[in-house]
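The values are calculated or read from the model by the stated rules, or taken from the named source; none is laboratory data. Computed from a predicted structure; not experimentally measured. Glycine gets a Cβ as well: all are built from the backbone with ideal geometry, and neighbour counts include every protein chain shown. SASA here: full protein model, heavy atoms, side chains in, ligands and nucleic acids out. Shrake-Rupley method; radii C 1.70, N 1.55, O 1.52, S 1.80 Å.
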Amino acid sequence: MSGARLARTVRHAENAGLTFVTFADAVVPAVPGSPASARLDAVTRAAFVARTTTAVGLVPEVPTTYPEPFHVATQLASLDLTASGRAGWLASVTPGDAAPAAYGRAPVADLDREARDVVQVVRDLWDSWEDDAVVRDVATGRYVDRDRIHRVDFVGASFSVVGPLITPRPPQGQPVVLARSGDVAGPGRDGERLVDVVLVGGTDVAAARAAARAVVAADPGARAVVEVQVVLDAAGRTGADRLAELDAAGPWAPGTALRHVGDPAGLLALLAELADDPAVAGVRLLAASLDTDLPVLAREVLPALRADRRTAAPRSGATLRDHLGLTRPADRFAGAARATA
Amino acid sequence: MTDPTPQTRPADETAHPITRPGAEVHLGVFFQGVNHTTIWSDPESGSQTDFASFERVARTAERGLFDAFFLGEGLRLRESRGRLHDLDVVGRPDAITQLAALAAVTERIGLVATQNTTYNDPVDLARRLASLDVLSGGRAAWNVVTTDNAWTGENFRRGGYLDHARRYDRAEQVLATARRIWDAWPDADRPDGSVARVEAHGDLLDVAIDPTTPRSPQGHPVIFQAGDSAQGRDFAARSADVIFSRHGSVLADALEFAADIRARAVAAGRPEDDVKIFPGTAIVVGDTPAEAEEKARWVARQQVTPATALHVVGTIWAEDLSGYDPDGPLPAHDPVVAELGGEGGSSTTGARTHEVAARWRALAEAEGLSIRDLVIRVSGERGFVGTPSAVADRLVRFVRTGSVDGFNISPWIIPSGLDDIVDRVVPELQERGAYRTAYTGTTLREHLGLRAPLTRRGAGAADAREAALAGV
Ligand SMILES: Cc1cc2nc3c(=O)[nH]c(=O)nc-3n(C[C@H](O)[C@H](O)[C@H](O)COP(=O)(O)O)c2cc1C
């Protein structure tokens, strides 16, 4: 849980050649009352490694349900600035009664609408400053051109935000938005794409490929990334033994993600099969233990994928959008008739 | 801040007795100054948003063995008369996010995030601050502010829900809840090894949570408070570790403020030195007194550009004066509006315009000042101006007379504005035995010489604990 340990783990992930790392989060613990549920805030963790890494994408999970959308937009824009364009946002949804009790609010009834509203207003806010808003015009004494900074005047089902953001437009224009399939069901206003990268599951390879194809069919500009849970033979133990031990403490990572338990060669075969489908843009590896699985991935899996040109290590100086083949979006307000701001 | 009161020159500072002969000066840096403090028009002025600028200032401060690096907060861009204010530096990162990145590239310096209690959820605040504190190895602090205007609230779910009179009630409840969240983790106090559930149901908040953040090496983030009203001072005296004040340029004023805070701390059942005082200030040094004065005049003219001068006067007149000559006289007519409202995040809320205008007119006439000269003259107190040795003498005197514990310096230029202070003033302080020559602790609490967090002072701290948990 220390900063040094976090920085080391993410550096190893970067050195292993992973494109991005995600920082899972939840404000309420998996096991209430247990110190084993210790978890630090995801954006803060991602920011801590923004300057200890140079190439890997940093993707904190931030729920759309309950946190203030204005703060979410500010924090993620700030992360993108600090990480020179390597920020993403895993936008999640928080059902249940524990989170609203923490925030002192009634449970959100329409989680879909809330998720859509929050992602929409965050995107609006990221564009509220045009890229060239800071003009530093010494002759007239103006630091910014106020015509290039816009109110958003967003009105959603449960909240409204006038804007503009307090933070200038981040390097990527819009940090990359990721979400699990179905969590943020678009489209947004005027058909806007709300999610750039959709995380899909599937009980077998065929199902995962089909899910990826469905994403791309619905929106050819979106990327589908398959989630794969990984428990490798490592540290002198089989993956199966490690999984049995994890399951003994309650089922490990339930859900519909693909899962590989076993040797690195088997994982390589699975990944190759996935990658053969052009709809699959990538995989999100959910390792049972970073300490145990990451060294094996770094040594035995990623080099083979690179040798086969199935992946490339991220380049320092490039943005997360660059690595995912997403273009930098134009500002929705650019050139718009003067807004009040 | 534009202070409508003309600045008074320091009286004879040596008349005040030295009450703390061995006391050391502590320094912090505030990035970036409010309003027009930060000069952006000079070729030396770098990016106000690039991480590199923040890193350079933080590292310079750390080289100068500063206690802390501060970030301010403003949750809505300032406006004047319904339009975005475009003359000052604007646009900044989220404080905790930025400080987390800085934590990884610094080793000792404290990292202070200004965070408002009105438009933040207590669970998010407590968790994010604790996360910064753990990741930085115990170097985090929270500068508690209460900005409550409805205009800022338009960016948030609840809108402007809080009555101004109750801003510190909410602050008290939020801080007390945060402290309980920080105390929930097992340690010597909670030997059963479980995490305590926190239920706080006040009239201004409602929290039920099983916390997830482990305790930091310094126990709790350090609590700063900035807010000058009587309620603000009482809140600090009951619940804060340090006050970030506006009283540090005129010694008599600083002493009066310190006496007031000590009395309030004692009334709240705390030792009188339990609340440290760090006024914001600026420092301008030169090789000779004349050179320093010349530089201070230059700084003031860079800060108060012709457009800024007309804007400041226009704020009091509540009209657009941009057609006026900044080198000419004040408008001949009186302000039309008698009292200014609080729109736009303005610092002049409630100003009685006719009084201010009359005072300014008298001053301008007496001293023959143009609009621009007048605005420079009334733009707050200018801090410390002189040779490094003279400035060091005064800083030490402020501390050793017991008026302050340290200073929070706003550099007037980013990112090079701290270089002179670290390279020239700090060595003078060290020569006088009034400044550390190396960090002796690793946490911010240690740098500041603070006692344990208010809720964690063992059996004798029952009163303090109660005071700190007031309201929930
Ligand atoms: C030196 C100083 C710096 C401050 N910096 C900030 C800031 O960065 N952001 C903010 O919202 N409030 C800031 N404030 C605090 C607000 O002015 C304060 O919370 C508000 O005015 C209400 O408190 P009061 O009525 O007690 O002054 C600062 C106050 C002082 C004295």
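Brief remarks on what is shown
- Contact surface A-B: accessible area buried, both sides summed, square angstrom, 1.4 angstrom probe: 5600
- Taking all protein chains into account, the per residue accessible area for chain A stands at 39 Å² (1.4 Å probe).
- Extending 7 Å from the Cα toward the beta-carbon at both residue B:334 and residue A:36 defines two label points whose distance is 7.5 nm.
- Fluctuation leader among A:234, A:179, A:115 - chain A, Gaussian network, Cα springs under 10 angstrom: A:234
- Delta accessible area of at least 20 Å² on complex formation, residues of the stretch A:68-92, 1.4 Å probe, chain isolated as reference: A:68, A:70, A:71, A:75, A:78, A:81, A:82
- For chain B, the spread of Cα positions along each principal axis, largest first, Å: 74, 53, 43
- Less than 5 angstrom separates the built amide H of residue A:89 from those of A:176, A:177, A:178, all sequence-distant by 5 or more or on a different chain.
- The stretch A:41-88 versus the stretch A:125-201: alpha-carbon centroid distance in Å: 15
- Shielding by partners, peptide A:48-61 (average Cβ within 10 angstrom, other chains): 3
- Charging the Cβ of each Asp and Glu at -1 and of each Lys and Arg at +1, and nothing else, the dipole of the protein assembly as shown about its Cα centre rounds to 960 debye.
- If you bin all the Cα-Cα distances of the stretch A:197-325 at 10 Å, starting from zero, the percentages per bin are 12, 40, 35, 11, 1.
- In a reduced charge model with +1 at each Lys and Arg Cβ and -1 at each Asp and Glu Cβ, chain A shows a dipole moment near 760 debye about its Cα centre.
- Value in Å of the Kirkwood radius, where the stretch B:293-379 supplies the Cα pairs that are averaged: 13.3
- Taking a sphere under 11 Å around the Cβ of residue B:314 and counting the other residues whose Cβ falls inside, with K and R at +1 and D and E at -1, yields a net charge of -1.
- Look at the dipole of the stretch A:197-325 built from charges on Cβ: of A:208, A:280, A:228, the Cα furthest out on the positive end belongs to A:280.
- Within-10-Å neighbourhood charge of residue B:147 [Cβ basis; K, R +1; D, E -1]: 0
- Annotation for residue A:334 and residue B:367: the two label points, set 7 Å from Cα along the Cα-Cβ direction, are 4.8 nm apart.
- log10 of Debye I(q)/I(0), alpha-carbon scatterers only, for chain A at 0.11, 0.13, 0.16 Å⁻¹: -0.75, -1.05, -1.55
- Surface exposure of the stretch B:283-431, expressed per residue as accessible area with a 1.4 Å probe, stands at 39 Å².
- Couplings for the stretch B:13-19, taken from phi via the Karplus curve 6.51 cos²θ - 1.76 cosθ + 1.60 with θ = phi - 60°, read 5, 6, 6, 7, x, 7, 9 Hz in order; Gly and Pro are left as x.
- Residue among A:137, A:145, A:25 with the largest mean-square fluctuation in a Gaussian network model of chain A, springs linking Cα atoms under 10 Å: A:137
- For the stretch B:292-318 versus the stretch B:73-105, the gap between their alpha-carbon centres in whole angstrom: 21
- Note on residue A:214/residue B:416: beta-carbon distance plugged into 1/(1 + (r/R0)^6) with R0 of 35 Å gives a FRET efficiency of 0.05.
- Karplus (6.51, -1.76, 1.60) ³J(HN,Hα), θ = phi - 60°, over the stretch B:403-416, in Hz, Gly and Pro reported as x: 8, 8, 9, x, 9, 10, 8, 9, x, 8, 9, 10, x, 8
- Gain upon complete extension [residue A:276, residue A:252; 0.36 nm per residue less C-alpha separation]: 5.8 nm
- Among A:133, A:224, A:77: highest mean-square fluctuation, GNM of chain A, C-alpha pairs under 10 Å: A:133
- Alpha-carbon radius of gyration plus Dmax, which is the widest Cα pair, for the protein assembly as shown in Å: 27.5, 89
- For residue B:88, residues with placed amide H under 5 Å, excluding near neighbours: A:143
- Helix B:167-182 axis, angle to chain B major axis (alpha carbon atoms, nearest 10°): 40
- Applying a length cut-off of 15 Å (Cα extent along the axis) and a mean Kyte-Doolittle floor of -0.5 to the DSSP H helices of chain A leaves A:69-82, A:111-126, A:205-218, A:264-275.
- Accessible surface of the protein assembly as shown, 1.4 Å probe, proportion on carbon and sulfur as whole %: 51
- Note on residue A:158 and residue A:309: the extension gain reaches 49.7 nm, defined as 0.36 nm multiplied by sequence separation minus the Cα-Cα distance.
- When only alpha carbons of the stretch B:228-384 are considered, Rg and Dmax amount to 19.0, 56 Å.
- Here's how it looks for residue B:111: its modeled amide H is under 5 Å from those of B:69, B:140, B:141, which are all 5 or more places away or on a different chain.
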